[in-house]
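Notes follow once the structure below has been shown.
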Amino acid sequence: MAQVQLTTDVKNFHKLSLDISTSTGAPSRIATTTRPSNVTAAVNTPGSVIIGGSLNYLKIKGYTSTTASVPTLYVFGWNFSSEIMAWVPQLLATVTTTVNGTSQSLPSVGTVNELATYTKSTGDIKPFSGAAGTGNAGFFLVDTLGSEFVEISAVSASSTATMTFFVAGL
């Protein structure tokens, strides 16, 4: 007799690092014939990292190397259009953040400050801000809308920093 066993896969976080660019405006993204990747200068600029997409949602948790840099996050989806033979960007979300003033030490990352709150400016996100009083353990979910690649871009008007993101597909 045949048996069916259902399992739930553990959603492991993947670590991504990027350097925040100092800017007061949103990054400019236009259709390009160059495939989005972390080594393609035409698409990936300082302040962004590109990963493979997820069918539904991505869970994103952020850390910054300094409290002086309070980043605004822009999440873009990239899909290929065979009719125009180009990669087309779509702004999935804009998220403003606050930074926890208490630092912590993470293995293979170093001393960082956790992003404490996530506030939706545009797009389809579900913010889960950190616990009241500590600001720790926050993250947000972003609907990838079937994007083949997802780009996370961080800008700060105040200072540059190194960002670390933990990302898991759902």
Everything considered on the Cα gyration tensor (a ≥ b ≥ c; rounded for a/c under 1.5, else prolate if a/b is larger than b/c, else oblate), the stretch 45-111 must be described as prolate
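Hey, can you rank 153-159, 119-125 by average C-beta count inside 10 Å, highest first?
Values: 153-159: 19.7, 119-125: 15.4.
Peptide ranking by packing, descending: 153-159, 119-125.
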Under the 7 Å Cα-to-Cβ spin-label approximation, Asn136 and Ser82 lie apart by a distance in nanometres of 5.0
Cross-link reach from Lys61 to aspartates and glutamates, straight Cα distance under 14 Å and at least 8 residues apart if same chain, gives Glu114
Treating only Lys and Arg (+1) and Asp and Glu (-1) as charged, each at its beta carbon, one finds that the chain has a dipole about its Cα centre, in Debye to the nearest 20, of 180
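Could you give the length gained by full extension between Ser17 and Thr96, i.e. 0.36 nm per residue of separation minus their alpha carbon distance, to one decimal place? The partial results should precede the final answer.
Working: separation 79, 0.36 × 79 = 28.44 nm, distance 1.84 nm.
Contour length minus Cα-Cα distance gives 26.6 nm.
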Percent relative contact order for the chain, counting Cα pairs under 8 Å at least six residues apart, stands at 37
In nanometres, the difference between 0.36 nm per residue of separation and the alpha-carbon distance of Thr24 and Val109 is 27.9 nm
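Please compute the alpha carbon radius of gyration of the stretch 14-169, then divide it by the globular-protein estimate 2.2 N^0.38 Å. Two decimals is fine.
Dividing the Cα Rg of the stretch 14-169 by 2.2 N^0.38 Å gives 1.00.
Every number in this text was worked out from the coordinates using simple rules, so none of it is lab data. Remember, it's a predicted structure, so these values are computed and weren't measured experimentally. So basically every Cβ, Gly included, is an ideal-geometry build from the backbone, and we count neighbours across all protein chains shown.
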